[in-house]
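The values are calculated or read from the model by the stated rules, or taken from the named source; none is laboratory data. Predicted, not measured: the structure shown is a model, and the values here were computed from it. A quick note on method: Cβ atoms are made from the backbone with ideal geometry, for glycine too, and the neighbour counts reach across all protein chains shown. Accessible surface areas use protein heavy atoms only, side chains included; no ligands, DNA or RNA. Shrake-Rupley method; radii C 1.70, N 1.55, O 1.52, S 1.80 Å.
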Amino acid sequence: MSLLWPERITLHIAPDALQLRRGGAAPVSVAGGWAESLAAVAALPRFARVHVTVADRHARYLRLVWPEGIQRAERAAFVAHRFETVFGAGPWVTLADRDAPGGVCLAAAVPGALLMALNAWAAARRLRIASIEPAFVADYRRHCRRFRGDGALARLEAGRVTLGVWHAGQWRALRSQPVGQADAGAAALCLAALLASLPPEEGLSGGTLYLAGGLPAPDLLPSGWTCARVEETR
C-alpha cells in the first residue's frame, strides 16, 4: 500500500455476510456472525484505513425534530433517548446532523455490539476504522447533489425497503421496513404509504423517487411522481 496513494478499502456489513472490497476489485463475502466473519477476513496492510458501511437491516433510522432551545451539548443525549424510546435499550451508537436546517434531521444508529466487534478486530489487526456509516445515509450522501426539488430516496436490499421523503429541503417522513421481495413495486407501495401519512398541508403533490438497488417502475408510482435509478452501496 502506497502512503502517497492509499488504496480504498471498504467493508460492507451486508444483511447476512461481510463484503470486503479493495481498490477496484470485486467484493469478497464472508458469512457468519460479526466476530466470526471479521476473524475470517483476509489479511490487510497494517495501519490501513477501513471504511465501513452497515446494511439497513442492522441499522435504525429516525426523523428527528430538535426541541426548541436545545443546546448542542444536549443533542447527543436527546438522540440516544429517542432511539431507546422507539427501538429499545440497544445499546445503540447514534449519529445525527446537528446543524440540519429548520431543526429537522435524519438520525441513524447501529448496534453497540457491532462497533465493539469492529474495534476489537481493528485493534488486533492494527487497522484504522476511518468511518462507519449506515447504508441509507451513505447512499443519500453519495447522490444528494443530483437531487432536485421534492423527492424521495428508496434503498432496496434483501428483504427490506428503506425510504425517506423530503419537501422544501427538509425530511418529512422516513421508514425502514421488511418486505417479502425488495423491488420497485415494494418501494412504490412504501412511498404511497408514507405520502398518505403526511398531513394535507405538507403540499407534497409530486416529485422524483430515486431508487437505489432496483429498476424504476413508473407505472407503479403515485400520481405526480417520476422515478430515476441511482447506484446503491454494496
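Annotations
- Rolled with a 1.4 Å probe across the full set of protein chains, the surface gives Ser29 an accessible area near 70 Å².
- For the peptides 176-188, 81-93, 103-115, the ranking by packing is 103-115, 176-188, 81-93, with the highest mean count of neighbouring Cβ atoms within 10 Å listed first.
- Share of carbon and sulfur in the accessible area of the stretch 125-234 stands at 48%, probe radius 1.4 Å.
- Per residue, the accessible area of the chain comes to 51 Å² when a 1.4 Å probe rolls over the protein heavy atoms.
- Largest-first ordering by accessible area, 1.4 Å probe, given options Tyr140, Tyr61: Tyr140, Tyr61
- Dipole magnitude for the stretch 5-141: about 480 debye, using +1 per Lys or Arg Cβ and -1 per Asp or Glu Cβ, origin at the Cα centre.
- Mean Kyte hydropathy of 0.5 or more with a Cα span along the axis of at least 18 Å, helices from DSSP in the chain: 112-125, 184-197
- Each of Ala187, Ala26, Leu198 was scored by the projection of its Cα onto the charge dipole of the chain, and the greatest displacement toward the positive side belongs to Ala26; charges sit on the C-beta of Lys, Arg, Asp and Glu.
- Think of it as helices only: each DSSP H run of n ≥ 4 in the chain is worth -39500 (n - 2.57), and spread over all residues that comes to -8000 deg cm²/dmol at 222 nm.
- Anisotropy class of the stretch 112-234 from Cα gyration tensor, a/c 1.5 cut: prolate
- About its Cα centre, the dipole of the chain is roughly 860 debye, where the only charges are +1 on Lys and Arg Cβ and -1 on Asp and Glu Cβ.
- Taking all Cα pairs closer than 8 Å and separated by 6 or more residues, the relative contact order of the chain comes to 17 percent.
- Globularity ratio of the stretch 42-82, using Cα Rg and 2.2 N^0.38 Å: 1.87
- Dipole of the stretch 120-169 computed with +1 at Lys/Arg Cβ and -1 at Asp/Glu Cβ about the Cα centre; of Gly164, Pro134, Gly149, farthest Cα towards the positive end is Pro134.
- Calculated FRET efficiency, Glu36 to Thr226, Cβ-Cβ distance, R0 = 45 Å: about 0.55 to the nearest 0.05.
- Based on Cα contacts under 8 Å between residues 6+ apart, the stretch 50-130 shows a relative contact order of 38 percent.
- Its alpha carbons give the chain an Rg and a Dmax of 18.6, 56 Å.
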